[in-house]
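I have placed the structure first, in the form of structure tokens, so that the comments after it can refer back to it.
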Amino acid sequence: MALITVSGLSVGYDSNVIANDIDFEVNKGDYLAVVGENGSGKSTLMKTLLGLQHPLKGKVTLGDGLKKNEIGYLPQQTLVQKDFPASVREIVLSGCQSRAGLRPFYNAAEKKLAQENMERMNVEGFAGKCYRQLSGGQQQRVLLARALCASRSLLLLDEPVSGLDPKATADMYDAIKRLNDEGVTIIMISHDVSAALRFATHILHMRNTPVFMTKDEYKNSDLGKCYLSVG
């Protein structure tokens, strides 16, 4: 059964439709790259998948027992977030908030999960450091560890390599691919079509009427060839 099924979806703000008739499925183990020009509705779609924004039309159906609060999310970083005065351990642990519910503290299992995910993302050595003292690449790996505390099955990543240098970008892509190889389902917004085609299993190309294809279908399509030639 699909983790997410999107049917006849229109996304936008108020009555302003950005993208129409979006149809796709994401199954366990998929790696979906969402590509397209600025303003094509990529981030709006992601917020709609998360339930942070209501669809203008159509529906998003979660399957296989998945709940909205069990989806890990790595949003685009803002300058305020980059300068957040908290320790790495505190940032990662905050990903367990949906598990903690109304409890005013984290239990031993949640602390263990945070430690495991810090080790998984190779940031355990920074656990006591202030988040804002880290490099951009280190901060993104911390946020990925945080997202993993919210979900071990599905991660939504909004431009996870934005603003990173080439080495940090490559490291981040490798970390995401390792998670996918371990069975974590990935939905990632990317401006880099070439990188998306190296790692993804499926492509959703956002435009007025988005197109959903497997990676090979996209590579061989006129649309894919056009964007690859530009890149």
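The values are calculated or read from the model by the stated rules, or taken from the named source; none is laboratory data. Remember, it's a predicted structure, so these values are computed and weren't measured experimentally. A quick note on method: Cβ atoms are made from the backbone with ideal geometry, for glycine too, and the neighbour counts reach across all protein chains shown.
Here region 120-130 is the region considered, the condition is being within 20 Å of the chain's Cα centre (by Cα) and not aliphatic (A, V, I, L, M), and the residue that is surrounded by the most Cβ atoms within 10 Å (Cβ to Cβ) is R120. Can you find a residue in region 173-193 that is surrounded by 23 or more Cβ atoms within 10 Å (Cβ to Cβ) and more than 23 Å from T44 (Cα to Cα)? No; the residues of region 173-193 include none that is surrounded by 23 or more Cβ atoms within 10 Å (Cβ to Cβ) and more than 23 Å from T44 (Cα to Cα). For G36, state whether it is among the small types (G, A, S), surrounded by fewer than 15 Cβ atoms within 10 Å (Cβ to Cβ) and either on the phi > 0 side of the Ramachandran plot or touching an Asp or Glu at 6+ places or on another chain (Cβ under 6 Å) (or both). Answer is no for this residue.
Here A168, A150, A175 are screened, and the one residue that is of a type outside the set (D, E) and either free of Cβ contacts under 8 Å to residues at least 12 places away in the same chain or closer than 13 Å to I91 by Cα (or both) is A150. One residue stands out among those in region 97-116 that are modelled with pLDDT of 90 or more and of a type in the set (D, E, K, R): the one that is surrounded by the most Cβ atoms within 10 Å (Cβ to Cβ), which is E110. For region 1-33, the set of residues classified as among the hydrophobic types (A, V, I, L, M, F, W, C), surrounded by fewer than 22 Cβ atoms within 10 Å (Cβ to Cβ) and either over 21 Å from S190 (Cα atoms) or touching an Asp or Glu at 6+ places or on another chain (Cβ under 7 Å) (or both) consists of M1, A2, L3, V17, listed by residue number. Each residue in region 200-212 was checked for being touching a Ser or Thr at 6+ places or on another chain (Cβ under 9 Å) and either closer than 20 Å to I18 by Cβ or in a loop (DSSP other than H, G, I, E, B) (or both), and 9 of them qualify.
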